[in-house]
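Below is one structure, written out as structure tokens; comments come after it.
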Amino acid sequence: MATTTDKDHIDDKPMPLLDHLIELRRRLMWSMGTLIVAFGMCYFFSHEIFNFLTRPLESVLAEKPGVNHSMIYTQLYEAFFTYIRVAFFGAAFLSFPIIASQLWLFIAPGLYRSEKRAILPFLLATPVLFVMGAALAYYFVFPFAWRFFASFEDTGTDGSTPIQLMPKVGEYLDLVMKMIFAFGIAFQLPVALSLMAKVGIISSKGLKRYRRYAYVGMFVVAAVLAPPDVITQCGLAIPLIALYELSIIAAKIVEPKRDED
């Protein structure tokens, strides 16, 4: 049973419950203030952010010259609330480091020094992995997926009924945000498995033992999250498999060492 040493102590002073609530309110106010300021900045640049999100679709539609493509909205308030969601989407990205730091400043005084050293690397890896997953979705999955969906467009040159792609701004933004968040959360796999290995719930040997089942699960997850084409599904499944292998290495490093008889 692990015991704490004199050097491994809690850097906190006894505080009454009211002081803890005041500290929590202070951290929440800083977080809300950061989110509000970031929202105002992102709303000012919401048009540019939306153009950035639609750029993969524009590049795909530009491959079809002579066809006039435009995005539409069918309700008076749809475009306005689309820009509101775009601003909130950007504000969440910008304010996440500050909000995470405020959360860390609130819980860190109640942790032992060894616990701080154990948790801090995972907190630092979380936003990095999320950005990596979002970048994979934006730069790799979106071009292939949009090209697949746009391939069903028919100009009707052979006498058939023409089918023209006219995406709605709200529906397109919903799809983009869901996929970005899905890929970002999926890339938290090493953090989740490493934390479970750190506390002894799982082990690196167990991860190796169930590797084949995990591979099948990765393709199932990719089939659910990614669009229904093989290229984009493999584009998510293969990085997840690589992250699983990385999780095995990380779990072996952080898992508690057991003395052998």
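A compact table of results
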{"item": "Tilt relative to the chain, helix 169-186 - C-alpha long axis, 0 to 90 degrees, to 10", "result": "30 degrees"}
{"item": "Dipole magnitude of the chain, debye to nearest 20 (Cβ charges: Lys/Arg +1, Asp/Glu -1, about Cα centre)", "result": "700 debye"}
{"item": "Amide H within-cut-off set for Ile202, under 5 Å, with H built and near neighbours excluded", "result": "Ala197"}
{"item": "Region 205-211 - phi-based ³J(HN,Hα) in whole Hz, Karplus 6.51/-1.76/1.60, Gly and Pro as x", "result": "5, x, 5, 5, 5, 9, 4"}
{"item": "Angle in degrees between helix 46-61 and the longest Cα principal axis of the chain, rounded to the nearest 10", "result": "60 degrees"}
{"item": "Sum of -39500 (n - 2.57) over DSSP H runs of 4+, divided by residues of the chain (222 nm, nearest 500)", "result": "-23500 deg cm²/dmol"}
{"item": "Principal-axis tilt of helix 17-44 within the chain, Cα atoms, nearest 10 degrees", "result": "20 degrees"}
{"item": "Ordering of 133-145, 168-180 by packing [mean C-beta count within 10 Å, highest first]", "result": "133-145, 168-180"}
{"item": "Built amide H within the under 5 Å cut-off of Lys168, gap 5+", "result": "Ile72"}
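Values quoted throughout were computed directly from the atomic coordinates according to the rules given, and no laboratory measurement underlies them. As the structure is a prediction and not an experimental result, all values here were calculated from the model. Positions of Cβ are generated from backbone atoms using ideal geometry, with glycine treated the same way; all protein chains shown enter the neighbour counts.
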